[in-house]
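Visitor: Have a look at this one.
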Amino acid sequence: MLALAVSFLPGCTISRTFSATTDCNYKRIKLQKWSQDSAQENGTIRVLLIHGMNNHPFGFAGRPELDGCTTYAELQQKLSGNLTLADRQRLRTRAIQSQFDYFIKRLASKLEVGEEAPADPKDFTIIRTSDDGPALGYMFTRSFGATGPGHRALKFYIANWALGACVSKEQQFGGWAGTSKSEKLQGDRDFDSRLDKYRAAINKSLKWSTIDWGLGDAALYLSPTAGEKFRQVVRAGVQRLQSETGPRDRVAIVSASLGSTITLDTVSAMLGSAGVRSLFTRSDQFADYPKQQPRAVFYMFANQFALLTLGRPPRERVNPLIQLDNALKNAGARTTVQIYAFTDPNDILSLPLNTKLDRVSICNVYVRNPGFTVGLFMHPGDAHANYEKNNHVIATLLNGPEKKPETPDDCLEARNSRAFP
């Protein structure tokens with residue numbers, strides 16, 4: 001085992017306490033301050049959550065949760081039909097448990113907004129290609145606190161685009177058969193299943209979870225047809241968010257991994273709508289306040305934008321960051337929209353953002369995610385997927401990033417002197 005081998009190598013283990021920030025010479029966004037201000041202004045903090053690659057819509061524990069179905073294709077067919085109220089309640093409960101649940105509860109607790117409001121049993125929307133088309137994903141919301149003067153209110157909008165992706169990957173790589181969690185991945189289209197017995201255990205796990213079912217999503221997104229289906233789900237989330245956002249509200253868009261690229265592409269294509277532009281600019285009644293904080297902020301976990309847009313021409317019409325920047329300038333925005341891009345140095349799929357813009361300010365935040373670490377090795381899946389469980393990440397959202405990098409300990413400095421020039 002690689003982990004066992006590296007544990008015997010000389011040197012110290014990787015520090016988990018390091019954090020650093022760059023490009024943060026402007027007013028820092030603090031959700032804690034937003035929460036206080038929103039209470040005074042009778043506003044609501046609205047948070048759109050977009051997941052990343054290798055997501056299973058209703059959870060995964062050795063095999064996917066398929067709501068009684070045997071394949072994702074069957075589940076898609078089921079969700080494309082007529083769902084009863086009981087069906088929606090059951091599916092919503094499963095979605096809550098598998099989509100950002102720890103992050104949502106943790107953030108709501110830290111912001112001290114109060115108890116979660118009772119859910120509307122009908123608040124589980126299937127997103128389709130058309131009125132009678134197949135299901136692509138779903139959306140639901142979660143609300144905390146109470147509206148009214150002096151009260152803090154927080155509402156999450158969760159959009160999940162993984163269903164259509166899972167159907168495509170299942171067709172290509174094979175589905176799950178049998179009832180045992182220990183059974184191997186099976187399927188007629190699993191083109192390299194005969195090689196499984198020759199693979200080392202860690203390599204097998206990494207290939208299956210990171211390449212086939214992980215980067216498989218990124219490969220699908222680069223297809224114009226599949227990519228548009230992903231964006232259609234995110235677009236529905238943005239439209240729902242925009243339709244409920246009032247002039248006193250503030251907006252945070254939190255995306256993970258591939259979801260960040262999907263979100264930026266989707267938002268930039270929607271900037272022709274005055275309603276969508278209004279998400280990122282304050283109305284006139286707030287414009288005269290000195291040092292008014294921005295109305296919206298992006299938090300990008302495990303940001304893959306630089307990697308997935310590597311082959312795009314650097315022209316305005318295909319760069320969503322430049323499109324957003326120009327839309328804000330044309331709208332006469334008095335404040336900047338801030339993007340916080342989080343990266344774990346051991347996340348091999350994440351890259352910092354280096355674009356310099358006028359009305360979009362980018363802050364790269366470097367953190368250590370919790371995960372399996374032995375000697376000189378950290379599981380790349382944990383480094384890529386555990387941002388939402390990282391207390392330092394949540395603290396950064398609440399109080400803004402530190403103005404100065406922390407001093408790395410000797411171990412980190414020795415291991416990462418080339419990673420952070």
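Nothing in this text is a laboratory measurement; each read-out follows from the coordinates by a stated rule. Note that the structure is predicted; figures quoted are calculated from it, not measured. We place every Cβ from the backbone using ideal geometry, glycine too, and count neighbours over all the protein chains shown.
Visitor: Sort 340-353, 261-274, 84-97 by the packing proxy (mean of other Cβ within 10 Å over each peptide's residues), most packed first. Walk me through the numbers before you get to the answer.
Guide: Details: 340-353: 22.4, 261-274: 19.9, 84-97: 15.4.
The peptides rank, most packed first, as 340-353, 261-274, 84-97.
Visitor: What percent do you get for the relative contact order of the range 90-154 when only Cα pairs under 8 Å and 6+ apart count?
Guide: Working: 67 pairs, mean separation 20.2, N = 65.
Relative contact order comes out at 31 percent.
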